[in-house]
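Some notes on the structure that comes next.
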Amino acid sequence: MATEGGGKEMNEIKTQFTTREGLYKLLPHSEYSRPNRVPFNSQGSNPVRVSFVNLNDQSGNGDRLCFNVGRELYFYIYKGVRKAADLSKPIDKRIYKGTQPTCHDFNHLTATAESVSLLVGFSAGQVQLIDPIKKETSKLFNEENSCQHLWKADWNEDRQDEGSKTSEEALVTVQRLIDKSRVTCVKWVPGSESLFLVAHSSGSMYLYNVEHTCGTTAPHYQLLKQGESFAVHTCKSKSTRNPLLKWTVGEGALNEFAFSPDGKFLACVSQDGFLRVFNFDSVELHGTMKSYFGGLLCVCWSPDGKYIVTGGEDDLVTVWSFVDCRVIARGHGHKSWVSVVAFDPYTTSVEEGDPMEFSGSDEDFQDLLHFGRDRANSTQSRLSKRNSTDSRPVSVTYRFGSVGQDTQLCLWDLTEDILFPHQPLSRARTHTNVMNATSPPAGSNGNSVTTPGNSVPPPLPRSNSLPHSAVSNAGSKSSVMDGAIASGVSKFATLSLHDRKERHHEKDHKRNHSMGHISSKSSDKLNLVTKTKTDPAKTLGTPLCPRMEDVPLLEPLICKKIAHERLTVLIFLEDCIVTACQEGFICTWGRPGKVVISHPPGSI
């Protein structure tokens, strides 16, 4: 292994790197993998994914980790930077036959020390709800009821052998009644204990309620709303059944989606290269963006919901303004497809003043600003001094990261010279690098990012500290979103057929027109435009897809090769960064000053 600054060849694995905050170090004893620690033969397998949940138990060690490797699924106590991983004692381990796990998500709202709800999506299209603490299989979605007992009998086995051939064949040949394609993303709806959203490689998304059945026959759909490149249907039946809603979005696979921090908006990225942002309550399209070329593979929101970052097959990271609905920067550092992008809320510096009013109440936005955990006393006192200034708008310098198939980790800073490029005396630069840049002076011109009437926020000082806002407890964020999404979606899901017909006079929607241009008032025939595919050559140079020279080009703060196989996971935690590669190794990188690991006897 080579370390940074050791003069080794570029293709050797790095085990540490330095940013303005200090030194990040790989913690070998905090590595999670299959118990035998043998690299997984990843050829032809679905990406390794990692999910975290905190059970809020009183032991102080409530973090739990779930990850999939091939056809196996593991559930461990995550000890992070505190103690070495013990791979011999998984809380739960499951081996699947006839299909592979592709993604998973915990319900943070209902998690307790005694029970946790985990959704698992599969390559054959099914979605399973399990409790890895109670070791129960609760429900199976997108499957014939007659076959569920076969899944349950097989999934609860904790052994390596293949089991009976009859069961395996039955699992392979059963019919998926809702969608036969691979599950690409599954997430609980924020603030809901029962609603969850599932995306498939078919380009469709489905909204489910865990309390409802899927029925014994294929669902029949009724058009609820359609617009440019999307359509939303409700399930037409006498009694409420799953799926509650079916979204058809874009062309090709829907690769990932992400809810905004307040849970009110949904960002989707598809194989057709488009980012589409929807108001989840009203099912309205808020804005779109097109990749430079190729499909978009990943998406994430900034902690305050003002920016969205995407990555994909153009090897770029693209920053899109939610307020302005435009690309404000691109970042080039990867040499292959970008597989994951994520914001780091713990290294994002916040200067707080009058809240923005782009969505929700002032109280909601203040809760969103407190998006991390408690900081050190020195950081909090520093922020309190900044916040004592009245009538100062919110100003943020954002840190985000990306990993890709080139096995590299990149960290990026989105600074005020990119966010507010029209300040007087500000130099026009094609890149930003916090380590070398100097702060441009504050200007007085207004800009479209802040609330109308607010002045341009002054630039933030560059420093080696980690300024951050004080934090409310984990429940406060849930309370902001509690009921907002659930009520909004159930409003559509529980409408009577008569009400739906009165409110929406749309014609039946056909799947193969997904790039059509239709107004939300689809009964207005004057707004109906010929349904044609979007020509990528015609979008280049437009606001949908600016040319490279038309927007600032970010350079990464660091760009390090950290694995032998393609990287599939990037998660920012308070005291560490978690990455994972397709070989099935989940790595923990201790933040500066946070490494206090203790090793078990005989481990060194």
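What the table shows:
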read-out	value
So residue 293, is it surrounded by fewer than 19 Cβ atoms within 10 Å (Cβ to Cβ), aromatic (Phe, Trp, Tyr) and under 22 Å from the mean Cα position of the chain (by Cα)	yes
The listed residue being modelled with pLDDT of 95 or more, touching a strand residue (DSSP E or B) at 6+ places or on another chain (Cβ under 8 Å) and on the phi > 0 side of the Ramachandran plot, out of 298, 325	325
Yes/no for residue 44 being under 21 Å from residue 106 (Cα atoms), in a loop (DSSP other than H, G, I, E, B) and small (Gly, Ala, Ser)	no
3 or more residues of a type outside the set (Asp, Glu), at pLDDT 90 or above and open to solvent by less than 10 Å² (accessible area, probe 1.4 Å): qualifying strands (runs of 3 or more DSSP E) within segment 61-102	63-69, 72-77
First in segment 547-562 and without any contact (Cβ under 8 Å) to a residue 12 or more places away in the chain, second anywhere and part of a strand (DSSP E or B) and not small (Gly, Ala, Ser), Cβ under 8 Å, 6 or more apart	547/540
Pairs, first more than 11 Å from residue 310 (Cβ to Cβ) and at pLDDT 95 or above in segment 269-283, second among the acidic types (Asp, Glu) and open to solvent by 10 Å² or more (accessible area, probe 1.4 Å), C-beta under 8 Å, six or more apart	271/251; 272/251; 278/284
Among (1) surrounded by 24 or more Cβ atoms within 10 Å (Cβ to Cβ); (2) in contact with a helix residue (DSSP H, G or I) (Cβ under 9 Å, 6 or more places away or on another chain) - the single one residue 248 does not satisfy	(1)
Residue among 299, 277, 283 that is of a type in the set (Val, Ile, Thr), under 20 Å from residue 402 (Cα atoms) and in contact with a Gly (Cβ under 9 Å, 6 or more places away or on another chain)	299
Residues within segment 222-243 that are open to solvent by 10 Å² or more (accessible area, probe 1.4 Å) and either within 24 Å of residue 344 (Cα to Cα) or in a loop (DSSP other than H, G, I, E, B) (or both), tallied	7
Residues of segment 31-47 that turn out to be under 24 Å from the mean Cα position of the chain (by Cα) and touching a residue at least 24 places away in the same chain (Cβ under 8 Å), as a count	7
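Residues checked against (1) of a type outside the set (Phe, Trp, Tyr); (2) at pLDDT 50 or above; (3) assigned to a loop (DSSP other than H, G, I, E, B); (4) farther than 30 Å from residue 85 by Cα:
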| residue | (1), (2), (3), (4) |
| --- | --- |
| 500 | yes, no, no, yes |
| 523 | yes, no, yes, yes |
| 559 | yes, yes, no, no |
| 565 | yes, yes, yes, no |
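The values are calculated or read from the model by the stated rules, or taken from the named source; none is laboratory data. If you're wondering where the values come from, they're calculated on a predicted model, not measured in any experiment. Cβ atoms come from the backbone with ideal geometry, glycine included; neighbour counts cover every protein chain shown. Just the protein is used for accessible areas: all its heavy atoms, side chains included, with ligands, DNA and RNA removed. Shrake-Rupley method; radii C 1.70, N 1.55, O 1.52, S 1.80 Å.
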